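Just so you know, all these numbers are worked out from the coordinates, no wet-lab data involved. Since the structure is predicted, the reported quantities are computational estimates derived from the model, not experimental observations. Counting neighbours? That spans all protein chains shown, and the Cβs are built from the backbone with ideal geometry, glycine included.
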Amino acid sequence: MNIKIPVSWLRDYLKTDVAAKTLANTLSASGPSVERIDKVKEDYVFDIEVTSNRTDSVSVFGLAREANAILSNLGEKSNLILPKGINLVLEPDTVNILNLDVTIKDLKLCPRFTAIVLDNVKIRPSPAVIQNRLTLSGIRPINNIVDITNYIMLETGQPMHAFDFDKIKGPKMVLRESTEGEKIVTLDKTVRKLPKGSIVIEDAERLIDLCGIMGGANSQISKRTKRVVLFVQAYDPKTIRKTTQSMAFRTEAASRFEKGVDLEGILNALSRAVYLAKTNANAKIASELVDIYKVKSKTPTITLAIKKLNNYLGEAIHPNLAVKILSLLGFEAKLQNETVAATPPSWRIDDVADDVDLIEEIARIYGYQNLKSEIPKGDIPISEKDTLEEVIGLKKALKFLGLTEVISYSIISQKMLALAETKRTNVVELQNPLTENWQYMRPSLLPSLAEIIGQNQFIRQNLRIFEIAKTYIAQGDELPKQDLQLALVLSHGDFFEVKGYLENIAEIIGREMKLKPNAKKHPLFIENQSAAVFSGKERVGTVGVLDSKITNYFNIKGAVAALEINLSTIYSLPTTAKTYKPIPKYPPVIEDISAIFAKQAPLDEIIQTAKKAGAPLVKTVEVIDVFEDEKLGVDKKSVTLRLTYQKSDDTPAQEEVTETRNKISSALEKSLLAQIRK
């Protein structure tokens, strides 16, 4: 977040002769970044960016503390002065003590709550110096009491609030969580409906404060106010953040509370506020101090090995210098042998947790610019190839193969889920489905693509579509397994056509793919018209013709061929080594051979048998026709193979072709009991 700080205010607590611009450069080099310097009359205003983990620096005093540490380490003359009244003893000034009943329902919501009642308050404009500083910091002055609360927030980083004591019914203050439907009118005169679980304060009759964000209009300070409740507190950062997000309503106070405040600094901030109220509003303390504190456990000491420090920085930092830097930053630090033991100050316990945090603190105050600049040595790390790049290339290739990419919903209905017959233990179910059609994360892409075919079959014939997306498989209490899948669907297609696409895909992605019989029937495919796809020993998918239960469910006319392969698995496998083979100078001899086989004989086995028997003369074997008829015999089919004979140094002679054909015929007859058709 960014804050604006007048340099004159900063110099109240940072006593140094360093010029404003030099101070800005020094802070930017080792601490919060001064992004802009504006000259306003005789003063300068720093526009400073403070990272969200450094809430201790979102204040004038916090920046003075930070600058003092940096300047002192650089050898510049610098002293840190505490704000006046910060150690004021908060004892009643009157005999007639006022009572304020405060109850905290849950200390998790408010780990520390301090409050005190002031009497004899004179409401009037603030002194010119306070008004000017608030204005330069971007806050509008209102009156001396309200201005004190804003002044303290900017000065110490601790938001605070003031109530008109006489407007608090009871007088009682109960801090609790809001319930469903509660409303409050805030100081900006807006009626706000509160989300359940917000932190609120109520008196004996109504809500008076939306804690950590904005007070209620019904308890605000007015010109007629005589008695005031000043209270400074800390709230649960997560609850404040959740409330501001839910209400889309953020204030200066909320932006600090949601990042956490220093619990040990709360009482000091209240003391400083009472001091200013006494000085500027003639106030007198009229009650006992209320201090409800959920004391945190003792801050653990962090140890840092000097060897590790020097290793990280690539610089030999003297142990005494490391201790000095940490001490300047408020740490309790001491040297034990070759180890620094440091306890973070109260304002850094949420930010500094282990030894690497100490290294960061030492490095930035030492000066990053003072560390050696060396080019890293060793081999340049080679990152794995980006899968996205391969996916984009695959999509382009599929487009040129005549396929159309589609994008479908990742959420499906229970009926579509049933088509995939996925085990219930593997199903990812939404806890809050919008409709029954969007209830489960899909374990397969194919039902979604089949649905698209069914919806568009009367618009266009012979649809060829594909999708690359993730599927979701539950893994107990762990995150679902999310694999990238490629699904391809062809309306009016057959096994051979989709197998041809698979062969093209294998060539495109550079991985070997082979077909093997399914060990058991796949729920989405016809049993004798499908096969498992393997890449090496890994099963990566299935190819075949979709089962009639799928086509019937979506009212699809005709057969639908499809494939689904797991790209996550395939891309994790090594690519096939590519070898160069010159184009043969001599033409091939091509001939067809037909044979009758048993109906159950796998085509792949037929092809592999022919290739093996015909090697090395036969370069390719293709199935060009499969014919089934009762005349062939019971459970018989006729398969026609196209054989390509080719040599690199000559055209195959007829004698060579005949000899090789006879070898193929003999192998088919012997291995598969084929009957060669003449």
### Task
May I ask for the distance between the Cα centers of segment 639-678 and segment 487-511, given as a whole number of Å?
27
## Note on the structure
Karplus ³J(HN,Hα) for segment 517-528 (6.51 cos²θ - 1.76 cosθ + 1.60, θ = phi - 60°; Hz, whole; x = Gly/Pro) runs x, 5, 5, 8, 4, 7, x, 9, 10, 5, 4, 8
### Summary
Longest principal axis of the chain (C-alpha) makes with the long axis of helix 603-614 (C-alpha) an angle, in degrees to the nearest 10, of 60
### Task
Give me TRP438, TRP347 ranked fewest to most by other Cβ atoms within 10 Å of their Cβ, as a rough exposure proxy.
TRP438, TRP347
### Message
Antiparallel versus total DSSP beta bridges in segment 101-293: what percent is that, nearest 5?
### Response
90
### Query
Going from the alpha-carbon gyration tensor of segment 2-80, what semi-axes, largest first and in whole Å, does one get by taking the root of 5 times each eigenvalue?
16, 16, 11
#### Entry: Distance-filtered residues of segment 420-461 - backbone nitrogen under 15 Å, label point 7 angstrom along GLU478 Cα→Cβ
426-427
### Label-point gap, in nm, between LYS223 and VAL356 - each point 7 angstrom along Cα→Cβ
6.0
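Filter the cross-link list LYS619/LYS678; LYS585/LYS619; LYS105/LYS226; LYS395/LYS612; LYS612/LYS636; LYS307/LYS372 down to pairs whose alpha-carbon distance in this structure exceeds 26 Å. Provide the component values of the computation, followed by the final result.
Values: LYS619/LYS678 23 Å; LYS585/LYS619 15 Å; LYS105/LYS226 29 Å; LYS395/LYS612 35 Å; LYS612/LYS636 24 Å; LYS307/LYS372 17 Å.
From the list (LYS619/LYS678; LYS585/LYS619; LYS105/LYS226; LYS395/LYS612; LYS612/LYS636; LYS307/LYS372), the Cα-Cα distance tops 26 Å for LYS105/LYS226; LYS395/LYS612.
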### Task
Give a residue-ordered list of calculated ³J(HN,Hα) values for segment 338-355 (Karplus: 6.51 cos²θ - 1.76 cosθ + 1.60, θ = phi - 60°; whole Hz; x for Gly, Pro).
9, 9, 9, 9, 9, 10, x, x, 4, 7, 10, 5, 8, 9, 10, 10, 8, 5
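Please state, as a whole number in µm²/s, the translational diffusion coefficient that the Stokes-Einstein equation yields for segment 101-293 at 25 °C and 0.890 mPa s, with Rh defined as the Kirkwood radius across alpha carbon pairs. Let's see the in-between values first.
Details: Rh = 16.5 Å.
The estimated diffusion coefficient comes to 148 µm²/s.
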### Query
Using modelled backbone amide H atoms (1.01 Å from N, in-plane), which distant-in-sequence or interchain residues come within less than 5 Å of PHE525's amide H?
ASP547
### Query
What nm distance separates the two modelled labels at ASN311 and ASN53, each placed 7 Å from Cα along Cα→Cβ?
2.0
### Task
Would you mind putting 7-16, 514-523, 228-237, 353-362 in packing order, based on average other-beta-carbon counts within 10 Å, highest first?
228-237, 7-16, 353-362, 514-523
### Message
Please compute the length gained on full extension between LYS670 and GLU177, using 0.36 nm multiplied by the number of residues separating them and subtracting their Cα-Cα distance.
### Response
169.0 nm
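For segment 302-368, what is the relative contact order in percent, using Cα pairs closer than 8 Å and at least 6 residues apart in sequence?
After rounding, I find 38 percent.
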#### Entry: Inter-probe distance in nm under a simple model that places probes 7 Å from Cα toward Cβ, at LYS377 and VAL295
5.4
## Note on the structure
Ranked from fewest to most other Cβ atoms within 10 Å of their own Cβ, ASP494, ASP625 fall in the order ASP625, ASP494
### Summary
Diffing segment 307-314: the Karplus 3J(HN,Hα) column from phi (6.51, -1.76, 1.60, θ = phi - 60°), in whole Hz with x for Gly and Pro, holds 4, 5, 4, 5, 4, 5, 8, x
#### Entry: Efficiency of FRET from Cβ geometry, LYS395 and LYS193, R₀ 35 Å, rounded to 0.05
0.15
### Task
Just the number, please: Stokes-Einstein D of segment 414-509 in µm²/s, Kirkwood Rh from C-alpha pairs, 4 °C, 1.567 mPa s.
85
### Query
If you put +1 on each Lys and Arg Cβ and -1 on each Asp and Glu Cβ, how big is the dipole of the chain around its Cα centre, in Debye rounded to 20?
1000
#### Entry: Paramagnetic reach from THR387 (point 7 Å along Cα→Cβ, amide N under 18 Å) across segment 459-494
467-475, 479-488
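Provide the packing ranking of 338-346, 566-574, i.e. peptides ordered by the mean count of other C-beta atoms within 10 Å per residue, highest first.
Details: 338-346: 18.7, 566-574: 17.0.
Ranked by mean Cβ neighbours within 10 Å, highest first: 338-346, 566-574.
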### Query
So who's got an amide H within less than 5 Å of the one on THR404, skipping anything under 5 residues away but keeping other chains? H placed 1.01 Å off N, in plane.
ARG464, ILE465, PHE466
### Task
Under 18 Å from a label point 7 Å along Cα→Cβ of ASN662: give me every residue in segment 615-643 with its amide N that close.
615-618
### Task
Please give the contour-minus-distance gain from LYS599 to LYS612: 0.36 nm per residue of separation, less the Cα-Cα distance, rounded to one decimal in nm.
2.5 nm
#### Entry: Gained length - LYS415 relative to LYS4, 0.36 nm times residue gap less alpha-carbon distance
141.9 nm
### Query
Whose amide H sits under 5 Å from the amide H of GLN485, counting only residues 5 or more places off or on another chain, with H placed in the peptide plane?
ALA469, LYS470, THR471, LEU567
### Query
Suppose R0 equals 35 Å; then what is the FRET efficiency for GLN336 and LEU82 from their Cβ-Cβ distance, rounded to the nearest 0.05?
0.70
### Query
Along the principal axes of its C-alpha atoms, what lengths does segment 302-368 span, in descending order and rounded to whole Å?
29, 26, 18
## Note on the structure
Taking the chain and counting helices only, DSSP H stretches of n ≥ 4 at -39,500 (n - 2.57) each over all residues, the nearest-500 ellipticity at 222 nm comes to -9000 deg cm²/dmol
### Query
By the gyration tensor of its Cα atoms, with a ≥ b ≥ c the square roots of the eigenvalues, what is the shape of the chain: rounded for a/c under 1.5, prolate for a/b over b/c, or oblate?
prolate
## Note on the structure
Taking 29-38, 364-373 and ranking on average Cβ neighbours within 10 Å, highest first, one gets 29-38, 364-373
## Note on the structure
The Cα radius of gyration of segment 387-571, divided by 2.2 N^0.38 Å with N its residue count, comes to 0.98
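Filter LYS499/LYS637; LYS4/LYS39; LYS77/LYS324; LYS167/LYS189; LYS84/LYS324 down to the pairs with a C-alpha to C-alpha distance above 22 Å, please. Don't skip to the answer; put the middle values down first.
Values: LYS499/LYS637 20 Å; LYS4/LYS39 12 Å; LYS77/LYS324 16 Å; LYS167/LYS189 17 Å; LYS84/LYS324 27 Å.
Going by Cα-Cα distance, LYS84/LYS324 fall outside the 22 Å limit.
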